[in-house]
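The values are calculated or read from the model by the stated rules, or taken from the named source; none is laboratory data. Since the structure is predicted, the reported quantities are computational estimates derived from the model, not experimental observations. No Cβ is skipped: glycine too gets one built from the backbone with ideal geometry, and neighbour counts run over all protein chains shown. Note: accessible area is taken over every heavy atom of the protein model, side chains too, but ligands, DNA and RNA are not part of it. Shrake-Rupley method; radii C 1.70, N 1.55, O 1.52, S 1.80 Å.
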Amino acid sequence: MPLYHKLGKIPPKRHTIFKKKDGSLHYEQLFGTIGFDGMSSLMYHLHRPTMVKEVGKSFDVSPKAMVSHNIKSRLLKGFEVKPMNDYLESRTVMLFNSDVHISLAAPKKSMTDYFYKNADADEMLFIHKGTGVLKTMLGEIKFEYGDYLIIPRGMIHQISFDSEENRLLIAESYHPIYTPKRYRNWFGQHLEHSPFCERDFKLPQNLQTHDELGDFVIKVKKQGQLHHLVYASHPFDVVGWDGYNYPYGFSIHNFEPITGRVHQPPPVHQTFETSAFVVCSFVPRLYDYHPQSIPAPYNHSNIDSDEVLYYVDGDFMSRKNIDKGYISLHPAGIPHGPHPGTYEASIGKSKTEELAVMIDTFRPLQITKAAMDIDDGKYYRSWLE
Ligand SMILES: [Fe+2]
């Protein structure tokens, strides 16, 4: 996040003496995700962040491909993914490659008896249903319907839900997730033509400092394994921090759509970028206003990317028989476009209420058994008259 932020108490100069009330020193930790080169934060702990007590069992959680070489367009009925109590167990990978794992989750319970850290991947959570609080070592972010939460790799966190009715779309990205570079100036500030700006971001607040020793389980995801580590101090023992590397939220409802006289291409909906995929937000907007315009998209050849659309709300203008929580997959290699009738029906319409999240991956996605279990099996023929 190219925006300086600080919470709690920090010393006036970095890497200098910073004492606790009892005269002992705080423990400074530099926290970046690209060596000493990318954005980083400096945090000050009450206890050493290195006090591992035990390393327990590891569990293989790597996704397994049922379809490795996919050429079919597919439709996954996302809300058929069963709710589960535990947050991590509820995360069900649907589509994946070496760059990104795309999961659906319907967790019922908050994380209370462990903390979680993804050591390999930045995580993007999209909240389709549910409210709650993302609790991290750098502060808390309240979330609600429509929020994206960006959690940089290495961020120890817990998620607390207000109820058992939760539906999440999750992208684990093995490349850093940023806002699009073309919307930022050379200092990182979002420019006037960006569909969102700094005021729209939810930054961590309410830094809670726990001065507790004991047994604290942190489940660390690394190389497809979930490792159980027991630490001797509470991981949320930070008294203060500052910097640029921290989790943040952004509501899809704050994405200001870019519209035009004729159909605008998908990049105008772009919200996040990585070196291996992009995330776009399709939000309610006025349609194209050229008197002869066709608002529905033209057929397009996505020869170089797999297109994943997650349908959130509203009527999706170019699709038939689409419901909330559905995922359509249009694989690279074959063109796709609006369904029969939708192209013509869009003419003369003044606005759309569609709300959807798109993830376009630059390398092909593999499909898990969990995805095949909710695949409608006939979507690839749905363009026949
Ligand atoms: Fe498309």
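Applying the criterion of being under 23 Å from residue 291 (Cα atoms) and within 16 Å of the ligand (Cβ to nearest atom) to the residues of the stretch 258-268, the residue that is least open to solvent (accessible area, probe 1.4 Å) is 268. When only residues in the stretch 1-23 that are over 11 Å from residue 43 (Cβ atoms) and among the aliphatic types (A, V, I, L, M) count, which is surrounded by the most Cβ atoms within 10 Å (Cβ to Cβ)? That would be 1.
I need a count of the residues in the stretch 127-146 that are closer than 14 Å to residue 202 by Cβ and assigned to a strand (DSSP E or B).
Here the count works out to 11.
In this structure, does residue 145 turn out to be of a type outside the set (Gly, Ala, Ser), surrounded by fewer than 21 Cβ atoms within 10 Å (Cβ to Cβ) and without any contact (Cβ under 8 Å) to a residue 40 or more places away in the chain? Taking the combined requirement at face value, the residue satisfies it. Scanning the stretch 318-337 for residues that are within 12 Å of the ligand (Cβ to nearest atom), assigned to a loop (DSSP other than H, G, I, E, B) and either over 16 Å from residue 377 (Cβ atoms) or among the basic types (Lys, Arg) (or both) returns 318, 319, 332, 334, 335, 337. A single member of 55, 61 is within 30 Å of residue 167 (Cβ to Cβ), in contact (Cβ under 8 Å) with a residue 12 or more places away in the chain, of a type in the set (Val, Ile, Thr) and open to solvent by 40 Å² or more (accessible area, probe 1.4 Å), and it is 61. Among the numbered conditions (1) part of a loop (DSSP other than H, G, I, E, B); (2) more than 29 Å from residue 166 (Cβ to Cβ); (3) more than 12 Å from the ligand (Cβ to nearest atom); (4) touching a residue at least 60 places away in the same chain (Cβ under 8 Å), the only one that residue 347 does not meet is (4).
Tell me, yes or no, whether the stretch 333-354 has at least one residue that is in contact with a Pro (Cβ under 7 Å, 6 or more places away or on another chain) and modelled with pLDDT of 95 or more. So far as the stretch 333-354 goes, no, none of its residues is in contact with a Pro (Cβ under 7 Å, 6 or more places away or on another chain) and modelled with pLDDT of 95 or more.
Does the stretch 304-313 include one or more residues that are modelled with pLDDT under 95, surrounded by fewer than 18 Cβ atoms within 10 Å (Cβ to Cβ) and within 13 Å of the ligand (Cβ to nearest atom)? Yes, the stretch 304-313 contains at least one residue that is modelled with pLDDT under 95, surrounded by fewer than 18 Cβ atoms within 10 Å (Cβ to Cβ) and within 13 Å of the ligand (Cβ to nearest atom). Of the listed requirements (1) closer than 30 Å to residue 380 by Cα; (2) in a loop (DSSP other than H, G, I, E, B); (3) touching a strand residue (DSSP E or B) at 6+ places or on another chain (Cβ under 9 Å), residue 79 misses just one: (2). Number of residues in the stretch 235-251 that are in a loop (DSSP other than H, G, I, E, B) and more than 27 Å from residue 283 (Cβ to Cβ): the value is 5. Only one entry of 301, 281, 275 meets the criterion of being small (Gly, Ala, Ser), open to solvent by 20 Å² or more (accessible area, probe 1.4 Å) and within 16 Å of the ligand (Cβ to nearest atom), and that entry is 301.
Taking the criterion of being under 22 Å from the mean Cα position of the chain (by Cα), of a type outside the set (Asp, Glu) and open to solvent by 40 Å² or more (accessible area, probe 1.4 Å), the residues of the stretch 228-257 that qualify are 244, 253, 254, 257.
Note on the stretch 218-230: residues that are farther than 20 Å from residue 134 by Cβ and touching a strand residue (DSSP E or B) at 6+ places or on another chain (Cβ under 9 Å) total 7.
Taking the stretch 350-362, which residues are of a type outside the set (Ser, Thr, Tyr) and loosely packed, with under 15 Cβ neighbours inside 10 Å? Result: 351, 353.
Given 138, 169, which one is in contact (Cβ under 8 Å) with a residue 40 or more places away in the chain, buried (at least 22 other Cβ atoms within 10 Å of the Cβ), over 23 Å from residue 243 (Cβ atoms) and of a type outside the set (Gly, Ala, Ser)?
Exactly one of 138, 169 is in contact (Cβ under 8 Å) with a residue 40 or more places away in the chain, buried (at least 22 other Cβ atoms within 10 Å of the Cβ), over 23 Å from residue 243 (Cβ atoms) and of a type outside the set (Gly, Ala, Ser), namely 169.
The numbered conditions (1) open to solvent by 20 Å² or more (accessible area, probe 1.4 Å); (2) touching a residue at least 12 places away in the same chain (Cβ under 8 Å) are all true for residue 196 except (1).
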